[in-house]
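Laboratory data are not the source of any read-out in this text; all were calculated from the coordinates shown. Values in this document were obtained by computation on a predicted structure and should not be read as measured data. Counting neighbours? That spans all protein chains shown, and the Cβs are built from the backbone with ideal geometry, glycine included.
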There are 2 protein chains.
Amino acid sequence: MLDKLFDPDVIAVIGASRTEGKVGHAVLKNLLQGAGHKVIPINPNVTEILGLKCYADVLDVPEKIDLAVIVVPAAAVPSAMEKCGQAHISYVVVISAGFKEASLEGARLEREITAIAGKYGIRMVGPNCLGIIDTSSSLNASFAASMAFPGNIAMMSQSGAICTVTLDWADRTGVGFSKFISLGNKADLAENDFLELFRKDDSTAVIAAYLEGVKDGPRFMDVARNVTREKPVIIVKSGRTAVGSRAVSSHTGTLAGSDAAYTAAFRQSGVIRADSLEEMLDYSRAFSTYPLPRGKKVAILTNAGGLGILTADACHSIGLSITSFEEETITKLRQKLPEAAGLYNPVDVLGDAGPQLYEHALEVLLADPNVDGIIVLVSPQAMTDVPAIAKSLIKIIKTSDKPILCNLAGGTRIAAGEELLNKHSIPNYPSSERAVASLKALCDYSSIKVKEHTAPVTIPVNREAAQKIIDDAIASGRRTLGLESMGLLKAYGIPVVRSRMAGNLPEAIAVCEEIGYPVVMKIISPDISHKTDVGGIKLNLRNAEDVERAYLTMMSDVKHYMPNAHITGVQVQQMVTGGKEVIIGMDRDPQFGPLLMFGLGGVYVEFLKDVSFAVAPINDKEAQHMIASIKTYPLIAGVRGETPSDIKAMIDTLLKVSQLVMDFPFLTEFEINPLMVMPEGKGCLAMDVRMTLRKE
Amino acid sequence: MLDKLFDPDVIAVIGASRTEGKVGHAVLKNLLQGAGHKVIPINPNVTEILGLKCYADVLDVPEKIDLAVIVVPAAAVPSAMEKCGQAHISYVVVISAGFKEASLEGARLEREITAIAGKYGIRMVGPNCLGIIDTSSSLNASFAASMAFPGNIAMMSQSGAICTVTLDWADRTGVGFSKFISLGNKADLAENDFLELFRKDDSTAVIAAYLEGVKDGPRFMDVARNVTREKPVIIVKSGRTAVGSRAVSSHTGTLAGSDAAYTAAFRQSGVIRADSLEEMLDYSRAFSTYPLPRGKKVAILTNAGGLGILTADACHSIGLSITSFEEETITKLRQKLPEAAGLYNPVDVLGDAGPQLYEHALEVLLADPNVDGIIVLVSPQAMTDVPAIAKSLIKIIKTSDKPILCNLAGGTRIAAGEELLNKHSIPNYPSSERAVASLKALCDYSSIKVKEHTAPVTIPVNREAAQKIIDDAIASGRRTLGLESMGLLKAYGIPVVRSRMAGNLPEAIAVCEEIGYPVVMKIISPDISHKTDVGGIKLNLRNAEDVERAYLTMMSDVKHYMPNAHITGVQVQQMVTGGKEVIIGMDRDPQFGPLLMFGLGGVYVEFLKDVSFAVAPINDKEAQHMIASIKTYPLIAGVRGETPSDIKAMIDTLLKVSQLVMDFPFLTEFEINPLMVMPEGKGCLAMDVRMTLRKE
């Protein structure tokens, strides 16, 4: 798939130019610096460029063209694309800008060229991109200032400038890439296509990306789930804090924002999310260089006590463990290290240590089964021969089956050592904190790689009954459903509280007698979402007299606070005590679809914003993870010998909600609030529900 | 103060050596590269070093020596020091290692030389240090590999290697220092002395430090509070995660650890805490270069959309605001920027922008009163003339009264521009996130500088009554006091719950009748800290019958759970309802003394660890800050129209506890748990208290 895109025999440059400084010239020159492919300039106004025969049109070219690179102005791209189709060209890279990113007219042009590509079955990169690079096939179909060095990192970026920045950074540090793709506007080929390609690409070991969004969320998750099982994927996704434009009325919607879905989707599909370009490149270099650690037990080797402590701080705060050594390790270290050396973790070989001491200590540490990875710190002290130590490090790193991450700390006097490391494709992390964070990324991926992705189980439900409730709501023009739609939960096997509706006071009293005291009474109105605020909930009513008083006060309070609210009656429920309130919600994300939310109810969700998210459908492990990852989990798991809450029942409910929201895409918002969870073995009960149906 | 230490006329090097590579040689050479001072080598075995007459002994030197630098082996330092005293030398830098850091014998030697220094009134730097540097007096009394460049940053470090790393980094980046001090073991002169010196030093504008601890916590806070009003102080303090060695039995102690005290002390005294050396240097360079911003409103100027979004993300997540421009700003930007440019924040001058466009945009943005600071991003695209843009940036930065932080992003093609910035002492932040974090540090200091430090008020209390309670406890050998010591609170005007003790059941019933039902009954035992766990608390007892049943069950339960606990009786209290439980505690930190803790009671403190700290004594603003800075503050301040808790009463209690723990250093641990806080205007009530007295 896409093979000839990256290893074409014949390439046409449509819009090739003789003028230096023009993109049409730069692309041609870059292509000519490659090998193994023929390059043909296309330009109706000249006969020859850079010694190559120039054709007026791709249709004039006698050879079969595999790839066309288009650099003509946007308005001329549709006809160029049409000709590519007629010439049976399979791949096109549209570098030209002036499309969706620029104007409405540009957006129209983009739809036009996409349609032409579709008509002829052309696969297109761009438009509005820097081009593509493949170091293994020696292809540079871009106007980048320099060719990438060969390497095992595949990189794609939705921003051309970030391609430029990364290539320029790599040029200085000597970092190599297998493939380098500027995604542009992603009118046709997008991140999903390239993720699949990278997975199969033998020259690629690590996948890095800068994305501003994904084109197809659910497919992205499917593809990424498969890719991350084989190769690490590190993505920096920008626009974290963009304010969503949709109006939201539920807790879930308010708390989710657009970024929570990305975070959840990345986590669920094993993608490592980097917070900055720096992190993305740091992590990529680590994966590019090192074997994966078996665990999180770290040894620190230093020639400076202070740096050792700072590094231990960094390990601790990021969740790596400062390991304890075996007796034998200490003994062996003592044999060669000076008396004042630190033999425990961090191991301090002292300021005058030479390469032999570093080597000895490293070999001893590597042999210790309690060491999964090592951070090596070198400060350029009076006696320190940094290049010699760098050489020792290179020798050991090249053969080690455990990762050894380096921080040669300083400037002028570590430059030569740093260059040596770079030459051997070994990163020198400019700070120990960055080395530690990169080691953590290696550890995280060790767990991701072995994570099982079990398919969500399908639970037997009464889908027809649920469908009928939704159909009835739509037929009667209702978009916001509340308590009256508890039947939907029942149809999906979610236990609900005993509850009846009443339209007036005598009905309310009759219904209470039927349910049995004590009861709770709640107002029902499509206009009221926070019932408590308007006096719309009365608890612990013990007899008919209580009910009467509560009913009258409630009606008068609600009228006072919301005089225009349309009141359809009251809901009477059995009073449930002894449980904990949790919330299970769903908000439909524009990229990823149904985003589930879980949190401990009441003030925890509202003021501590202590919630977790996952994209549906989920399996039981995901459900378990959602529950266990909130900060207040100890309150659910049981504190101080208190009986734990019924976690199984919560998992079960999450799975049923997951299935429900998958089954009914019409549900745009959904929230069980609260779900009353009883102690272990006693189940849970949905106390209230609120959902919104999509407007057609 | 310390003037001649940094600007001596005559300097002796005790232990000067002819041998290259020896510290005694390196120090001499470094000193000779300075100007304005005479350098005299001291070594009994040679007559001349580096062309200088060498003396056997400082006592032989005819001139008055201002500063002696000692590099002889540790064992020879006492006699060298003794001679310095006899020669009336006022300042000594002891570079020699082998003292406290090395062995018990070394520690003894260190006490000995400190005593000698004290006897003669010598002020000493070190031992076990790299030495000191002063660029304004051209003094390099160190064995550093190179002299620091002149600059306005004063740096001190408790680690010699970190001095080395920093100087080497500065050598590569061209960053300059006013003074550079390796603190060593801080046997005499320490951070407090140098902080005061730096404050008065005209050549110093910024103070940076690496510390592993402070020598005198309370004095540090006093000094730092004064210094930070005039100059920014940025400290990286290592050992964040070191496990305290003291046994602790209270919540406060467990939650505090050793780092909480540093964090609190730094915050209270206006010190900016950096999390890494990288951060410390980033922030120092920002302070060294830029004026302080008036507010947190940031403009972003970029030639690459993607970088702009990432930077906006970084601003948002760190708490800086992406400003909105005035109408006029947009109009002026539109005049010169290309049509497709981004005119709103981030301002995108597009990939082909030259220096003129950057200059125009910067000038327009600087004129906008809604802009407090600017982040400028430059990516090296095809047409980008990075050095020319750098020159424009330098011109504008040099005259701007608002900070403009730069991120030239890339490697090879930004190197020349970066070098230009460095030459003009303008930092190029390697990532926009680091530029943003540094701008945030500037903003933070703007607030620190204007913060008023009011003295704690003294509240009238009955100190004698409190003293008596403590004396009685000591006399009777009790170290852990509980409910029975509520009188201590009363003596300090802290309202306490109505409460009596009873030794047996009949007494308990009598006492309950006296207090009035409903009551709460609690076990009293020096061996039981968590009463609930052993059934040692019974709530809501409404009559004598309830009391009898509760008493008998409690005794049987306690016997069951803790058969060996010594039980002294029960405590009967009025039953208080309608309040919120908070905890006020104190743990005595070895560095800073009494560390106060505040948190919302129960599960919040135990499982969310949602607490705040401050070093006593505090004033009302500090107390207010403690209360407002816990995450669950909304629950106290009142949510959804609920009446807020009585915050004034909590502040008042915190102030009284602050005074109490200052008055009685014998109290090593103290905790009111819970303090029941009633709604606004209704006060608060201490429900239980627990304190530990120091063992003599």
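Highest mean first, the peptides B:13-20, B:562-569 sorted by other C-beta atoms within 10 Å per residue fall in the order B:13-20, B:562-569. Sequentially through segment B:362-373, phi angles give Karplus couplings (6.51, -1.76, 1.60; θ = phi - 60°) of 4, 4, 5, 5, 4, 6, 7, x, 7, 10, 9, x Hz, Gly and Pro residues having no value and appearing as x.
Each Lys and Arg contributes +1 and each Asp and Glu -1, all at the Cβ; summed about the Cα centre of the protein assembly as shown, the dipole is approximately 60 debye. Put a dot 7 Å past the Cα of B:Lys648, heading toward its Cβ, do the same for A:Tyr120, and the two dots end up 8.1 nm apart.
Taking max minus min of the alpha-carbon positions on each principal axis, the protein assembly as shown gives extents of 101, 100, 66 Å, largest first. Our note on the geometry: Cα centres of segment B:649-693 and segment A:677-696, 42 Å apart.
Take the Cα radius of gyration of segment A:580-693 and divide it by 2.2 N^0.38 Å, N being the number of residues; the result is 1.00.
Rounded is the label for segment A:1-99, because a/c, from the alpha-carbon gyration tensor with a ≥ b ≥ c as root eigenvalues, stays below 1.5. Can you list the copy-to-copy distances for B:Ala637, using a point 7 angstrom from Cα toward Cβ, in nanometres, shortest first? The answer, with the shortest distance listed first, is 3.1 nm.
With an 8 Å cut-off on Cα pairs and a minimum separation of 6 or more residues, tell me the relative contact order of segment B:498-575 in percent.
Details: 135 pairs, mean separation 39.0, N = 78.
Reported relative contact order: 50 percent.
In percent, rounded to a whole number, the relative contact order of chain A is 8, using alpha-carbon pairs under 8 Å and six or more apart. Inter-chain neighbour count for A:302-308: the average number of beta-carbon atoms from partner chains within 10 Å of each residue's beta-carbon is 6. Shape class of segment A:41-187 from the alpha-carbon gyration tensor: oblate, with a/c at 1.5 or above and b/c at least as large as a/b.
Report, in listed order, any pair from B:Lys179/B:Lys449; B:Lys231/B:Lys391; A:Lys449/A:Lys621; B:Lys200/B:Lys398; A:Lys621/A:Lys648; B:Lys119/B:Lys200 with a Cα-Cα distance greater than 19 Å. Could you put the intermediate results ahead of the total?
Values: B:Lys179/B:Lys449 23 Å; B:Lys231/B:Lys391 29 Å; A:Lys449/A:Lys621 16 Å; B:Lys200/B:Lys398 25 Å; A:Lys621/A:Lys648 11 Å; B:Lys119/B:Lys200 28 Å.
Beyond 19 Å: B:Lys179/B:Lys449; B:Lys231/B:Lys391; B:Lys200/B:Lys398; B:Lys119/B:Lys200.
With label points defined 7 Å past Cα in the direction of Cβ, position A:Ala35 shows copy-to-copy spacings of 5.7 nm, given to one decimal and shortest first.
Taking every DSSP bridge with both residues inside the protein assembly as shown, close to 50 percent are antiparallel.
Modelled spin labels at A:Ala340 and A:Glu105, positioned 7 Å past Cα toward Cβ, are 7.6 nm from each other. Shown is the FRET efficiency for B:Lys53 and B:Glu82, computed with R0 = 30 Å from the Cβ-Cβ distance and rounded to the nearest 0.05: 0.80. Residues of segment A:288-308 falling in the label zone of A:Ser447, defined by backbone nitrogen less than 20 Å from a point 7 Å along Cα to beta-carbon, are A:291-299.
Taking the centroid of alpha carbons for each part, segment A:513-547 and segment A:283-342 are 62 Å apart. All Cα-Cα distances of segment A:148-289, cut into 10 Å bins from zero to the largest, leave 12, 43, 33, 10, 3, 0 percent in each bin in turn.
3J(HN,Hα) along segment A:290-302, derived from phi through the Karplus expression 6.51 cos²θ - 1.76 cosθ + 1.60 where θ = phi - 60°, amounts to 10, x, 7, x, 7, x, 10, 8, 10, 10, 10, 10, 9 Hz, with x in place of Gly and Pro.
Based on the Cβ-Cβ distance from A:Lys200 to B:Ser324, what FRET efficiency comes out when R0 is 60 Å, to the nearest 0.05? Please list the in-between numbers first.
Details: r = 48 Å, r/R0 = 0.79.
Computed FRET efficiency for A:Lys200 and B:Ser324 comes out at 0.80.
³J(HN,Hα) across segment A:430-443 via Karplus (A = 6.51, B = -1.76, C = 1.60, θ = phi - 60°), whole Hz, x for Gly/Pro? So the Karplus estimates, Gly and Pro as x, are x, 9, 5, 4, 6, 5, 5, 4, 6, 4, 4, 4, 4, 4 Hz.
Counting only lysines at least 8 places from B:Lys215 when in the same chain, those with an alpha carbon closer than 19 Å to its own are B:Lys100, B:Lys186, B:Lys237.
How many Å³ per residue does the convex hull of the Cα positions in segment A:551-623 occupy?
190 Å³
Summarising the label geometry, the points placed 7 Å from Cα in the beta-carbon direction at B:Thr480 and A:Arg479 lie 6.3 nm from one another. Per the Debye formula on identical point scatterers at the alpha carbon atoms of segment A:295-450, with no solvent, log10 I(q)/I(0) at q = 0.14 Å⁻¹ is -0.61. Panel order for B:Glu548, A:Glu484, B:Glu363, by other beta carbons found within 10 Å of each beta carbon, from fewest to most: B:Glu363, B:Glu548, A:Glu484.
Two-decimal Rg/Rh of segment B:411-467 from alpha-carbon positions, Kirkwood Rh? Numbers along the way, then the final one.
Numbers: Rg = 24.1 Å, Rh = 16.0 Å.
Using only Cα positions, Rg/Rh for segment B:411-467 is 1.50.
Distances from A:Ala340 to itself in the other copies, using label points 7 Å out along the Cα-Cβ axis, amount to 6.4 nm in increasing order.
For chain B, state the semi-axes of the equivalent ellipsoid (square roots of 5 times the eigenvalues of the alpha-carbon gyration tensor), sorted largest first and rounded to whole angstrom.
Working: eigenvalues 609, 324, 65 Å².
In descending order, the three semi-axes are 55, 40, 18 Å.
For segment B:566-696, what's the relative contact order in percent, using C-alpha pairs closer than 8 Å and at least 6 residues apart?
Details: 235 pairs, mean separation 35.5, N = 131.
For segment B:566-696, the relative contact order is 27 percent.
Between the beta carbons of B:Asn504 and A:Tyr517, assuming R0 = 56 Å, the FRET efficiency works out to 0.85 to the nearest 0.05. Of all DSSP beta bridges confined to segment A:295-450, the antiparallel ones make up roughly 5%.
How much of the DSSP bridge set in chain B is antiparallel, in percent, rounded to the nearest 5?
Values: 54 of 105 bridges.
The antiparallel fraction comes to roughly 50 percent.
Could you tell me how far the Cα centroid of segment A:102-135 sits from the Cα centroid of segment B:58-91, in Å? Between the Cα centres of segment B:58-91 and segment A:102-135 lies a distance of 80 Å.
Extension gain for A:Tyr561-A:Thr412 works out to 46.6 nm (0.36 nm per residue, less the C-alpha to C-alpha distance).
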